[in-house]
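Written below as structure tokens is the structure these notes are about.
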There are 2 protein chains.
Amino acid sequence: MNPKIEKLIKQFAKLPRVGARGGQRIVLALLQDKTGRAAALATVLSDAATSIAPCPRCGVLTDRDSDACEFCRDSSRANGQLCVVRDLADVWTLEKASVFHGRYHIIGGVLSGAAGTMPDDLNIASLPARIADEKITEIIFALPNTVEGKTTQHYVMSIVQDSSDVAFSELASGVPLGGDLDYIDDGTLTLAFGGRKTL
Amino acid sequence: MNPKIEKLIKQFAKLPRVGARGGQRIVLALLQDKTGRAAALATVLSDAATSIAPCPRCGVLTDRDSDACEFCRDSSRANGQLCVVRDLADVWTLEKASVFHGRYHIIGGVLSGAAGTMPDDLNIASLPARIADEKITEIIFALPNTVEGKTTQHYVMSIVQDSSDVAFSELASGVPLGGDLDYIDDGTLTLAFGGRKTL
């Protein structure tokens, strides 16, 4: 195989859920396309790689030359609520559902002994200053509902509690909408029973 | 969402088997990566887009500035056999299995009324000249074993037969290695019965 094509396939294969075979298909589709999709994609990607950077306040990816992202610039979102999420994908998911109208704070991961993620690797230290600056009154945790997510949540709370008297909340756990009990795992059922609502 | 990120996701989403959700994941993985994978991929892709082109003889993607691909340059492959395939992915599949040691001819698709693929869209017209030039004695069809593949095969034979007395063959049809009869479709069984071997 041509070494340039081989190199390109290897790069694509490393992308999430692509793999060796998917990388081959993608590279063939791009290079055999007569409308110049390969060059077009390279241009857009190179442009994004140089001009996109995390917002210095919240971590949402935005234009490098603007001093704040679309959420931090939007004054109607300064409602005192701050939603702590793991990454930008979670922001997009919440935005798609239109459930939250405050500001976000991306911490960039969850604490994990196995993966070697320590507090210093996460965007947590800037949180107390941000809470004071933006007059945050409630922190809503929307971290993964896992041991790592909960550990991270407790760590963030311990950091923030010392310096401010903000209120904390987390997303409810329980049976998903349309969820058939047959297919729900024991952990979720335990949480749903523990958090049952009086009618 | 930032318009540059949105544009990038759209371009990735159009790639084979990626889709909107996969595009988001890929773009996030690339732009949130701190080792500069986005810029690296853009460079490799842009390089390939400008420097890779189909071999003028057989259609295999190769360096634009070389006059023939790795197969056409390799004189040990000038054994009189020419394997007609649909696309480069099929060449790679055959090469991986090391079953064929002659030259390839990529026609770039199969005739299809539904998809609007006509003979002029395929790389067939150059075939008679190529057969004469390279003293081809056998054409082996490795096109998809479908109605469209067989139609294309017959069309290629009709074009070639007029000008040369080359021999034709096609890959055998039948039960795949390790194939359990329970799981084989009726069409394959019919072909396997029709082509049964006397022992």
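For the options B:E95, B:E170, B:E134, a Gaussian network treatment of chain B with springs between C-alpha atoms closer than 10 Å singles out B:E95 as fluctuating the most.
Around the amide H of B:F168, modelled in the peptide plane, lie the amide H atoms of B:I139, all under 5 Å away and 5 or more residues distant in sequence or on another chain. Legend: residue pairs A:K7/B:K4; A:K10/B:K4; A:K150/B:K7; A:K34/B:K7, Cα-Cα distance threshold 28 Å; pairs beyond threshold, A:K150/B:K7. Among B:A40, B:A53, B:A132, the largest mean-square fluctuation in a Gaussian network model of chain B, built with springs joining Cα atoms closer than 10 Å, belongs to B:A40.
Using θ = phi - 60° in the Karplus curve 6.51 cos²θ - 1.76 cosθ + 1.60, the 3J(HN,Hα) couplings for the range B:112-117 round to 7, x, 5, 8, x, 8 Hz; x is entered for Gly and Pro.
Residue-wise HN-Hα couplings along the range A:4-11, as the Karplus relation 6.51 cos²θ - 1.76 cosθ + 1.60 with θ = phi - 60° gives them from phi, are 5, 5, 4, 5, 5, 4, 4, 5 Hz; Gly and Pro carry x. DSSP finds beta bridges in the range B:74-198, and of those with both partners inside it, around 10 percent are antiparallel. Sequence-ordered 3J(HN,Hα) estimates for the range B:69-83 from the Karplus curve with 6.51, -1.76 and 1.60 and θ = phi - 60° stand at 7, 4, 6, 6, 6, 7, 5, 5, 8, 7, 9, x, 9, 10, 9 Hz, glycine and proline given as x. Per residue, the average separation of C-alpha pairs within less than 8 Å and at least 6 apart gives chain A a relative contact order of 13 percent. A point 7 Å from Cα along Cα→Cβ stands in for A:F168, and the other copies hold the same point at 7.6 nm, listed in rising order. Under 5 Å from the amide H of B:Y104 lie the amide H atoms of B:C83, each residue being 5 or more positions distant or on a separate chain, with H modelled from the backbone and absent for Pro and chain starts.
Explain nothing, just the number: dipole magnitude of the protein assembly as shown about its Cα centre with +1 on each Lys and Arg Cβ and -1 on each Asp and Glu Cβ, in debye rounded to the nearest 20. List each step's numbers first, then the result.
Working: 42 positive and 48 negative charges, 63 e Å.
The calculation lands at about 300 debye.
Once the Cα atoms are used to define both axes, helix A:19-32 deviates from the longest principal axis of chain A by about 50 degrees.
Shape analysis of the range B:67-199 places it in the prolate category; the axes a ≥ b ≥ c from the Cα gyration tensor give an a/c of at least 1.5, with a/b above b/c. Under 5 Å from the amide H of B:T117 lie the amide H atoms of B:S112, each residue being 5 or more positions distant or on a separate chain, with H modelled from the backbone and absent for Pro and chain starts. Once the other residues with Cβ under 13 Å from the Cβ of A:T93 are scored (Lys, Arg +1; Asp, Glu -1), what is the net sum? With Lys, Arg at +1 and Asp, Glu at -1, the net is +1.
If each DSSP helix of 4+ residues adds -39,500 (n - 2.57) and the sum is divided by the residues in chain B, what number results at 222 nm, nearest 500 deg cm²/dmol? Mind dumping the intermediate values first?
Working: 8 runs with 85 residues, N = 199.
One gets -13000 deg cm²/dmol as the mean residue ellipticity at 222 nm.
Using Cα springs under 10 Å in a Gaussian network model of chain B, which residue among B:I107, B:I140, B:I52 shows the largest mean-square fluctuation? In this elastic network of chain B, the residue with the biggest mean-square fluctuation among B:I107, B:I140, B:I52 is B:I52.
Need one word for the protein assembly as shown: rounded, prolate or oblate. Basis is the Cα gyration tensor (sqrt eigenvalues a ≥ b ≥ c); a/c below 1.5 gives rounded, then a/b vs b/c decides. Cα axes put the protein assembly as shown in the prolate bin.
The rotation axis bringing chain B onto chain A passes closest to the chain B residue reported with its distance as B:A42, 3, by C-beta distance in whole Å. B:S98 label point (Cα plus 7 Å toward Cβ) to equivalent points in the other copies: 6.1 nm, shortest first. About the centre of its Cα atoms, the range A:74-198 shows a dipole size close to 300 debye [charges on the beta carbon of Lys, Arg (+1) and Asp, Glu (-1) only; nearest 20 debye].
All of the numbers you see were taken from the coordinates with simple rules; none came from a lab. Keep in mind that this is a model prediction, so the values were computed, not measured. With ideal geometry, Cβ positions are generated from the backbone for all residues, glycine too; neighbour counts draw on all protein chains shown.
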